[in-house]
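Student: Sharing a structure with you now.
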Amino acid sequence: MGSRKLRYAVIGAGMSGLLAGIKLLERGERELVLFEKGHTVGGTWRENTYPGLACDTPAHSYTYSFAPNPDWSAYYAPGPEIQAYFEEMADRYGVRPYIRFQTPVKACTWNPRKMRWQIDTETGEREEADVVIAATGVLHHPHIPDIPGLADFRGRWWHSARWDHSVDLGDKRVGVIGSGSTGIQIVSALAGRVRHLVHFQRTPQWIMPCTNPPYTEEDKRLFRQDPSRIEYVRNGPEARARRERFLAAIADASSPQLAELQQIVERHLEESVRDPILREKLRPNYTVACKRLVFSWDYYEKIQQPGVTIEVAGIERVEGRGVRMRDGSFHPLDVLVLATGFHADAFVRPMRVIGRDATDLEELWAEHPTAYYAVTIPRMPNFFLLNGPTGPVGNFSLIEIAERQWNYLDQLMELLRSGKARAVEPTETALADYEARRTEAARRTVFATGCKSWYLDRNGVPQVWPWSYEHFLEVMARPRLADYRLLDG
Ligand code: NAP
């Protein structure tokens, strides 16, 4: 079999989909289409526009390795700057003309005769491709909790990822439900800027202190002049030590590194919150980093201003004019923000994926979503995932993760391009073995120490990468071909 030209379909034009587009164009591939449900690129950074939106991964790490940005305004970049970066990437690398916006994919169906995927969109288009790259993101289907009475609320309410900018909050009494990274960022931003703010916390969070120094014009000039300074922020000894410490802490709940993290957050709470009653309200009853660790440089300070109430009594119901608590107390509100998270187990769904032998991905994922090393799925030939299930998520740069995964997947695609195979998929045994080892390791992680979080599948098993980052880099360096089935049609 000689070499062949492939046609690629990328689903999603967020950070990972753009990466796929850039890398394919860089290789000279032109038979390429990106399907994007939204009106522009950026994924999560397009959808989230809430006040205080920022990325708590250092900006220089949350940047494509091949497109450093000396102009980040601060150590942690605000959301709009990140969105602008992705918009620029789409233009700089010429990906935009290949994107079909407002074109959600309805189904991908493997055609065994042609050994190609048929892609059907919600807009009625039908395309074929040899390879599908699912870059659909992790957290983008808003979770609207079933809080009694929400429909009766006479004020305005919205989910954090659907911010209503038409409402001026300055003179409003605002309630924010949820204390994940989103709720903490929103509350920090609104405190002192609205008439009254109530933060409803069903479960308090440990807050990791950090600082967010702005980059001066001089800093930016130096970054531009000497890119090794950027590399230092990304991968210098301090960054590496921090990453390794954090990974050691989460991978082993009995590690000294986790104990050290625990001390840091406890001290932060003790030293930052003066009122002992408030301090106890804010004290979590689980281990640090069991839930995705929240970083903040100002949350404790902001909530101790006048005009902010922390409420932990538990919501009984929403009423027409506010929120009733289980202890009978009532918070009158004009606006309610649900920072209540996302359906984290959706991944490529609700898109329907029908692979070889008419295998339905929905059935494969009936128990929980999974993929061999987070990137490939048995019976789904030439169907590749970026930031798919069981990968490293949480407090890492998902950009770096997607780049490593791309490097791995590109080697599988090379088998197709060079004519060594028409299609490639992992064996069932390889996935089963991976899952057995992964779930075993997952039980030792901090995520399994007894808190509730979106990291857990419905059986309470963490559905994320449980090993070290080094192991991830090692595995992503080269596919183990013995674990793959090569189909040659
Ligand atoms: P989340 O971490 O899932 O938090 C959802 C919050 O809503 C939790 O506090 C949860 O309480 C609460 N909640 C859910 N249902 C509720 C109900 N019925 N009644 C009361 N409270 C309810 O969601 P998120 O804050 O949007 O964050 C999701 C992820 O997005 C993060 O973990 C992170 O990976 C990413 N993110 C990253 C950044 C960043 O800076 N890089 C910023 C924002 C978000 P319980 O804890 O009790 O369930």
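Student: For a footprinting-style exposure proxy, rank Cys55, Cys210, Cys108 by other Cβ within 10 Å, fewest first.
Tutor: Cys210, Cys55, Cys108
Student: So what is the relative contact order of the stretch 1-160, in percent, for Cα pairs below 8 Å that sit 6 or more residues apart? Please list the in-between numbers first.
Tutor: Details: 236 pairs, mean separation 49.0, N = 160.
That works out to 31 percent.
Student: Right, something else. Could you tell me the extents of the chain's C-alpha atoms along the three principal axes, largest first, rounded to whole Å?
Tutor: Answer, in whole Å and largest first: 73, 52, 44 Å.
Student: What FRET efficiency comes out for Asp91 versus Ser3 if R0 is 41 angstrom and r is the Cβ-Cβ distance? Round to the nearest 0.05.
Tutor: After rounding to 0.05, the efficiency reads 0.85.
Student: Also: Rounded to a whole number of µm²/s, how large is the Stokes-Einstein D of the stretch 150-338 at 25 °C and 0.890 mPa s, given Rh as the Kirkwood radius over C-alpha pairs?
Tutor: Rounded to a whole number, D works out at 131 µm²/s.
Student: Further question on the same structure: Check the cysteines of the chain one by one and keep only those with no other cysteine Cβ under 4.7 Å from their own.
Tutor: Cys55, Cys108, Cys210
Student: With a sphere of radius 14 Å drawn around the Cβ of Glu260, what net charge do the other residues whose Cβ falls strictly inside it have (Lys, Arg +1; Asp, Glu -1)?
Tutor: Charge balance in the 14 Å sphere: 0.
Student: Another question, if that's okay. Could you give the nm distance between label points at Asp360 and Arg30, where each point is 7 Å from its Cα heading toward the beta carbon?
Tutor: 4.1
Student: Moving on to the next point. Mean separation of Cα pairs under 8 Å and 6+ residues apart, divided by the residue count of the chain: what relative contact order is that in percent?
Tutor: Reported as a whole number, the value is 20 percent.
Student: Measuring from a point 7 Å past the Cα of Arg221 along Cα-to-C-beta, which residues in the stretch 39-64 have an amide N at less than 20 Å?
Tutor: None, by backbone N distance to the label point.
Student: Local charge sum around Gly180 (other residues, Cβ-Cβ under 10 Å, Lys/Arg +1, Asp/Glu -1)?
Tutor: Surrounding charge for Gly180 is +2.
Student: Rounded to the nearest 5, what is the percent of antiparallel bridges among the DSSP beta bridges in the chain?
Tutor: 45
Student: Roughly how tilted is helix 15-26, in degrees to the nearest 10 and between 0 and 90, from the longest Cα axis of the chain?
Tutor: With both axes taken from Cα atoms, the answer is about 30 degrees.
Student: Once you charge only the Cβ atoms, +1 for Lys and Arg and -1 for Asp and Glu, what is the size of the charge dipole of the chain about its Cα centre, to the nearest 20 debye?
Tutor: 460
Student: Also, quick follow-up: Where the only charges are on Cβ atoms (+1 Lys, Arg; -1 Asp, Glu), what is the dipole of the stretch 387-489 about its Cα centre, to the nearest 20 debye?
Tutor: 180
Student: Could you size up the charge dipole of the stretch 99-172 around its Cα centre, putting +1 on the beta carbon of Lys and Arg and -1 on that of Asp and Glu, and report it in debye to the nearest 20?
Tutor: Using Cβ point charges on Lys, Arg, Asp and Glu, the stretch 99-172 gives about 220 debye.
Student: Considering only Leu398, Thr445, Pro466, whose Cα is most displaced toward the positive end of the charge dipole of the stretch 387-471, charges sitting on Cβ of Lys, Arg (+1) and Asp, Glu (-1)?
Tutor: The residue sitting farthest along the positive end of the dipole is Thr445.
Student: Restricting to Cα pairs below 8 Å that are 6+ residues apart, what does the relative contact order work out to for the stretch 150-338? Please round to a whole percent.
Tutor: Once divided by the residue count of the stretch 150-338, the mean separation gives 40 percent.
Student: Right, next: Considering the dipole of the stretch 57-198 built from charges on the beta carbon (Lys and Arg +1, Asp and Glu -1) around the Cα centre, which of Thr103, Ser65, Tyr76 is farthest to its positive end?
Tutor: My answer, from the dipole projection, is Thr103.
Student: Let me ask another. How compact is the stretch 230-274 by the rule of thumb for globular proteins, expressed as Cα Rg over 2.2 N^0.38 Å? Don't skip to the end; give the middle numbers.
Tutor: Values: Rg = 13.2 Å, N = 45, 2.2 N^0.38 = 9.3 Å.
With N residues counted in the stretch 230-274, Rg over 2.2 N^0.38 Å equals 1.41.
Student: Add +1 for every Lys or Arg and -1 for every Asp or Glu among the other residues with Cβ under 11 Å from the Cβ of Gly192, and state the total.
Tutor: +1
Only the coordinates and a few stated rules stand behind these numbers; no lab work does. Every value quoted in this text rests on a predicted model; they were computed, and no experiment measured them. Positions of Cβ are generated from backbone atoms using ideal geometry, with glycine treated the same way; all protein chains shown enter the neighbour counts.
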